[in-house]
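First up is the structure itself, then whatever we jot down about it.
Bear in mind that the values in this text are calculations on the coordinates, not laboratory data. All values reported here derive from a predicted model rather than from experimental measurement. Because the Cβ atoms are built from the backbone with ideal geometry, glycine has one as well, and the counts that use them run over all protein chains shown.
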Protein chains: 4
Amino acid sequence: MSLPDRVGGEAHTAGGGATAARPQLVGVHRIDCRSPGDLSGVQALIDAGTLVPADIVAVMGKTEGNGCVNDHTREYASMAWSHLLAPHLGCTPSQAAQRVALVMSGGTEGVLSPHFTVFTRRWLEDGVPLRHNAPRLVIGTAHTRDFAPHEMGRMAQIEATSKAVREAMLQAGIQRVQDVHFVQVKCPLLTSTKVQQALSRDIEPVTRDTYESMGYSRGASALGVALALEEVPASAVSDAAVLRDWSLYSGRASASAGIELDHNVVIVLGEAPGAASPYRIAHTVMRDAVDAASVRTLLRECFAIDPDREDDNDTALSGRLVNLLAKAEASPDGLVRGQRHTMLNDSDINATRHARAVVGGVLASIAGHTALYVSGGAEHQGPAGGGPVAAILHVEDAV
Amino acid sequence: MSLPDRVGGEAHTAGGGATAARPQLVGVHRIDCRSPGDLSGVQALIDAGTLVPADIVAVMGKTEGNGCVNDHTREYASMAWSHLLAPHLGCTPSQAAQRVALVMSGGTEGVLSPHFTVFTRRWLEDGVPLRHNAPRLVIGTAHTRDFAPHEMGRMAQIEATSKAVREAMLQAGIQRVQDVHFVQVKCPLLTSTKVQQALSRDIEPVTRDTYESMGYSRGASALGVALALEEVPASAVSDAAVLRDWSLYSGRASASAGIELDHNVVIVLGEAPGAASPYRIAHTVMRDAVDAASVRTLLRECFAIDPDREDDNDTALSGRLVNLLAKAEASPDGLVRGQRHTMLNDSDINATRHARAVVGGVLASIAGHTALYVSGGAEHQGPAGGGPVAAILHVEDAV
Amino acid sequence: MSLPDRVGGEAHTAGGGATAARPQLVGVHRIDCRSPGDLSGVQALIDAGTLVPADIVAVMGKTEGNGCVNDHTREYASMAWSHLLAPHLGCTPSQAAQRVALVMSGGTEGVLSPHFTVFTRRWLEDGVPLRHNAPRLVIGTAHTRDFAPHEMGRMAQIEATSKAVREAMLQAGIQRVQDVHFVQVKCPLLTSTKVQQALSRDIEPVTRDTYESMGYSRGASALGVALALEEVPASAVSDAAVLRDWSLYSGRASASAGIELDHNVVIVLGEAPGAASPYRIAHTVMRDAVDAASVRTLLRECFAIDPDREDDNDTALSGRLVNLLAKAEASPDGLVRGQRHTMLNDSDINATRHARAVVGGVLASIAGHTALYVSGGAEHQGPAGGGPVAAILHVEDAV
Amino acid sequence: MSLPDRVGGEAHTAGGGATAARPQLVGVHRIDCRSPGDLSGVQALIDAGTLVPADIVAVMGKTEGNGCVNDHTREYASMAWSHLLAPHLGCTPSQAAQRVALVMSGGTEGVLSPHFTVFTRRWLEDGVPLRHNAPRLVIGTAHTRDFAPHEMGRMAQIEATSKAVREAMLQAGIQRVQDVHFVQVKCPLLTSTKVQQALSRDIEPVTRDTYESMGYSRGASALGVALALEEVPASAVSDAAVLRDWSLYSGRASASAGIELDHNVVIVLGEAPGAASPYRIAHTVMRDAVDAASVRTLLRECFAIDPDREDDNDTALSGRLVNLLAKAEASPDGLVRGQRHTMLNDSDINATRHARAVVGGVLASIAGHTALYVSGGAEHQGPAGGGPVAAILHVEDAV
């Protein structure tokens, strides 16, 4: 397998010495948990030798908090993971949280089942003979610098995210933007402390409302992804466009805001020829929260799976379909299929919670299982009211 | 058209002088609203002559409250309806609420759109020539006596409900239990005042928890329906079975608890040959909250509609499919498709709210519209974790 | 009794023909309710002749909703009142809602007890001999024009409110701003429909967040009151000051936002010599949500009541103290007495709900009863984190 | 100092070799935190030598979750504490959680500020000369065995708790029940998993509702304390009395239910002569949620503090008053001071959350600071609707 010189050379230096030019073997484990801090299922896989902690590059968790400002289940799960990983990585817990991309998305409303999706990566030796040269799952990660409170939701965050996406692509060995199928971003939010911090320096933050800041941070992050993947022209992106111009969006971005960090973490998932992973990934865009048709088409056309036939035999599909990664949001114009919804006027339940419950239900009705990664708040992630969905399928045994 | 003597004779006296032996013409209007008290859409239909207020026998509303104990949107909508109907019926608002079955189900979580489904009924003259003798939509209503606080959730409520269902069937002109496709019950709940009332008389109510009382009231009502429709043997039903023996259920009952009444109101929807209504009704049972397959099968097999084909042309299906009437609940064993859900442990959002959001999303993904009647709390209504679904289809123009 | 020419002449034409120059007799009834639509207590007073419906000028209700965007208990109570008043006023229900200032404040968190405070006013004949010429309770009402969505939270709303306050003072016969002790404003909010309305005309509303719009509307209304009462200089007030410059506030404004109206309604409560009312009113400002000391001082210094002594005999104080009218808010800097609070970061319970629970508890611990008018969201109403409190005391039998 | 033979002999063997007969020096630190997992304030005290980790016997935390079933902030804080303590105690994190009584109470509604109250204890040498022999703060801890799901809320839990209280008193060196001023119990709750566990063994748990189980567990624990402190006769206590007979209660019990344990942990706080601690403790009982008078009397009569005078100088009182430890609940009869409250009918906010907000506000209005330990759910803890309050005062420098 050979990569063009343009990328290969740089890639050799990316990712802590590993090189994208060598074939990568990505593993994906979906592991249930009984609480945000419960890693007994993870430990069991480690004990059995199925999961090698040192290989873990990213964890995408769904934890059972409210997914909003005061959702401490995200940091709780991150603390548990950091303490689990530290001895295996030979570092402190906080260093472990720096080395592995821990993305915890809060909110398992409705049927959604709390779980962790663990991505491992091992670089095979150059010259290892591969079964085939078909495209297979690859992964790359990167992170931005810390943001000042006033930078969040604005160009500073957009541009830094875009840069990080390109770095992660390079690390993953993905050369063409169309081979990127999902970009998960973990981004910060404004707490009332941070708002005060900005105000004390006489700088108006993008919003003073903590819950609202989550949307701005996600929106700017998604525009950063769209910029990197050439889904929107650079000229269209500005401070003013964030949460304003819904025609700008990425069909592959997924951003989650959390209280536990000050910078963006980026995970790029895509396909590359020459990868040794036994998984494929593909994506589509739901045009609204109840657009089951697009997802059914994705499974049929990309993976030759007929969800209807599978209805009789759920295990088949739910066994092979490792996970669906999706974004959900309440349509900002207050309508779904032309009819009024009440999610944006509900002062008891935040709109993101409603949206996750809906999309989780719709996807579970197709996938046949409920441990799905459905994350709320799809600003500039898919069209207004809709969102990207990626499917990871187990296709064969590894090399 | 002739009805067997057994029923015909009695039926002539049911329903305020109207007679089930004469052909009935049932109309169904699904009308959007902008708030629980907004009847401007209703008024517009009245003004246009499309809806004759005096013909209204039942209103099934979805209002945008929390659907739980302190959901005052139900009584608010009922007050608005009573004031609208009173002058047309020549009675006081509170008498209007007695004559017309006003069933307001709170909770439009997720994509669900607040609306009213209005059922009218007109008795045609005997001997009016009908186009055909195929089964068409019929409706009957009845109500029980008021319940003392301690009777709720127990045999007294079960038996009274069963009796009311038989009365409503008679009024509707339905002779065979298999021709009943949906039985909507509105039932009371225990407020803390009522709990104290019982305790002050030294009678322990079925529960002291007001939210929990809603489940008991719905469960007992559903068992009453199951008894009337011969879905469970009389010998199996007892105080102890309520919210305990989940093997006992009705596949056609839908019960909603509300703070605004002390008795049960029953609406029976079914089919009878000789009815002049341009609608058909059929039902199925979702085995769990994400069982889209059963509903897709119902549409395909009963109505020859392929939801997938309709995906390209939503208007077609959503135009003909007047409404889906469904019950939703969080699976009481804490699992959906074998995986843990968190709805029953969520102290911020009650489980019924989660469940409505999920089932509303799943059904909207099939029906292509969101003004669906999805009601929460399916105790003894369908199997544990699942629930009944009825579909009302417009099939032709009236006689 | 004579009034200065300056005001007297105009006043004779204010208030629908009534004249402030004639002595006014204001009555205050605090009436419990069992639900937002329950006016049985009101009806009982009417039946007993204690309350004359035609005399009612204002109703300030506390209803048991969430007090936020989708709190329909406010419109529900208003609908009930409109239907009750209409036949007595010889008009339609919607005209009744125009003639009487119906201010429903949602949210009875904690110990707060739902109730209505009903203000009646009767103009006595000129020359009726009064017992004394000491200042007694007077009331005046007024309302602004409807606001376009983009005007809310901005100067248009501030200025219109200020003008309405001056009109209401005139009607009440209050000449000096220091004799105004409480100004209740009912103001509109932005729903997602209204937000879309503005955007479709390419005008950015003050916020797109419906819950946040309530704060802007209350804040602008309070600045309008402050302007009218000369508490802030006109030069300091601008669009930019709203929810920004917390040094600007009224010590007597109380604003509640509701979904049911498009304009501001203003009720001015104060004292004037020559009034025949058996009530007095005074006010103070709580400097934070737990500032019991200021209220204890108010009762001691203005009314010679020692709350501590009253502890042994609650009936005495709670009998004479008709109501406390207060505003509550979560301190916007995230601190109370220098320590962090979590109200602004709570995505399950809105901050206004927390604040009402706290202030309601603190005031009930002083007043000895719980049917208190505590309204949430004190933007520019008292200092940041604090709020105005007025006390209405029954002092003697009427003329 | 000599202790009566009856207790002294046994005491020498209690508490891991330490002996109650030797003078104990109890330290109390109230430490703020920025999140449930933030122990930076604790670490700072350790680094400064002010707090010796090995001396810590108990931590009573207020964490910022919902305080109900799915409040994971409690386990999150416990995990953080376990990891902090482990290296200092020379054991694993889970062993640390066994050795130190970690009681995390969720819910800082209203003005309450998240914090930890850390109790240290050092046993002085026999014969160390003490400044005086006046009663000073002592502490003792104990725990019960694990409970099976069906034992919770029933006699098994009551009796085991009573036994643990006597053990903790012995350890603390308290001989007379009247010298016990506060007993904190941490007790388990029923999750839906545990409910299923019981049902699968055909044993009906005390309730199937997870939120309701918290009340049963707290109630049974409190009756256990009442039994140990001879506040109720053994003959009056039975399964049937739990959450039924409100005349039975402890004036000093405080129970918090949490998802993170299966047994009860007991902390006894009281006074004993001969203790070397620079703190005093006293208690009273609030008769309802707004009973400020009782607490003001406590401060005046036991500690000669006049809260009113202190109003001018908050630092004085808030500096000396280390903490108030209190229980809060919504009056189960639906009334406060004879007027209806809505806490028990609120399906959006659980009643315990309302109650904490109220009592927290009332107490902060007296204490002048907001980092107070107010815990929700006062079943059998104080009279119905009221609850115990203990005050810890710093009185002098240590020995």
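Points to keep in mind about this one:
- Calculated label separations, C:H132, copies of the chain, 7 Å along the beta-carbon direction, nm: 5.1, 8.7, 9.9
- Three-way shape call for the protein assembly as shown based on the alpha-carbon gyration tensor, with the a/c threshold at 1.5: rounded
- Global dimensions of region D:241-399 from alpha-carbon coordinates: Rg and Dmax equal 16.4, 52 Å.
- All C-alpha to C-alpha distances of region B:156-287, sorted into 5 Å bins beginning at zero, yield P(r) values of 2, 11, 19, 21, 18, 13, 8, 4, 2, 1, 0 percent in whole numbers.
- Value at 222 nm in deg cm²/dmol, rounded to 500, when DSSP H runs of n ≥ 4 in chain B each add -39,500 (n - 2.57): -9500 deg cm²/dmol
- Long-range Cα-Cα pairs in region B:206-264 (distance over 20 Å), rounded percent: 23 percent
- Built from the Cα atoms of chain B, the convex hull projects on average onto 19.2 nm², one quarter of its surface area.
- Cα convex hull of region A:49-97, projected area averaged across orientations, nm²: 3.9 nm²
- 21 Å Cα-Cα threshold exceeded, pairs from C:K186/C:K327; C:K62/D:K327; D:K163/D:K186; C:K62/C:K327; B:K194/C:K62: C:K62/D:K327; B:K194/C:K62
- Charging the Cβ of each Asp and Glu at -1 and of each Lys and Arg at +1, and nothing else, the dipole of the protein assembly as shown about its Cα centre rounds to 0 debye.
- Which of A:K327, C:K62, B:K194, D:K186 has the fewest Cβ neighbours within 10 Å, and the rest in rising order: B:K194, D:K186, C:K62, A:K327
- Summary value for chain C: 21 percent relative contact order, contacts being C-alpha pairs under 8 angstrom separated by 6+ residues.
- Table column - 3J(HN,Hα) (Hz), region A:182-191, Karplus curve with 6.51, -1.76, 1.60, x for Gly and Pro: 7, 10, 8, 10, 9, 9, x, 9, 9, 8
- Spin-label pair C:E301/B:E230, simplified geometry with 7 Å Cα→Cβ offset, distance in nm: 8.2 nm
- Inter-copy label distances at D:A54, using a point 7 Å along Cα-to-Cβ, come to 3.6, 8.8, 9.4 nm with the shortest given first.
- Arranged from fewest to most other beta-carbon atoms within 10 Å of their beta carbon, A:V206, D:V374 become A:V206, D:V374.
- GNM result for chain A, Cα springs below 10 Å: residue of A:A326, A:A351, A:A304 fluctuating most strongly: A:A304
- Per-residue HN-Hα couplings for region A:88-102 [Karplus 6.51, -1.76, 1.60; θ = phi - 60°; Hz; x = Gly/Pro]: 6, 8, x, 8, 7, x, 6, 5, 4, 5, 7, 6, 9, 6, 9
- Derived scalar couplings ³J(HN,Hα) [region C:199-209; Karplus, 6.51 cos²θ - 1.76 cosθ + 1.60; whole Hz; x for Gly, Pro]: 4, 5, 9, 6, 10, 6, x, 4, 7, 9, 8
- Region D:123-208: C-alpha gyration tensor shape, a/c 1.5 cut-off, then a/b vs b/c: prolate
- Shortest-first nm distances, D:Q178 label point to equivalent points in other copies (7 Å, Cα→Cβ): 5.6, 8.0, 8.9
- The ranking of C:R176, D:R34, C:R154 by Cβ neighbour count inside 10 Å, starting from the fewest, reads C:R176, D:R34, C:R154.
- Counting every alpha-carbon pair across region B:116-171, the share separated by more than 18 Å comes to 55%.
- Cut-off 12 Å (backbone N to label point 7 Å along Cα→Cβ of A:R34), residues of region D:249-288: D:260-262
- Region A:75-141: C-alpha gyration tensor shape, a/c 1.5 cut-off, then a/b vs b/c: oblate
- Note that region A:31-166, at 4 °C in a medium of 1.567 mPa s, gets a Stokes-Einstein diffusion coefficient of 77 µm²/s from its Kirkwood radius over C-alpha pairs.
- Value of D in µm² per second that Stokes-Einstein yields for region C:347-399, Kirkwood Rh from Cα pairs, at 25 °C (0.890 mPa s): 191 µm²/s
- Ranking A:L227, A:N323, A:G385 by how far each Cα lies toward the positive end of the dipole of chain A (charges on Cβ) leaves A:L227 at the top.
- Virtual paramagnetic centre 7 Å along Cα→Cβ of B:R131, amide N under 14 Å, in region B:271-298: B:274-280
- Long-range HN-HN contacts of D:L372 with modeled amide H, under 5 Å: D:S113
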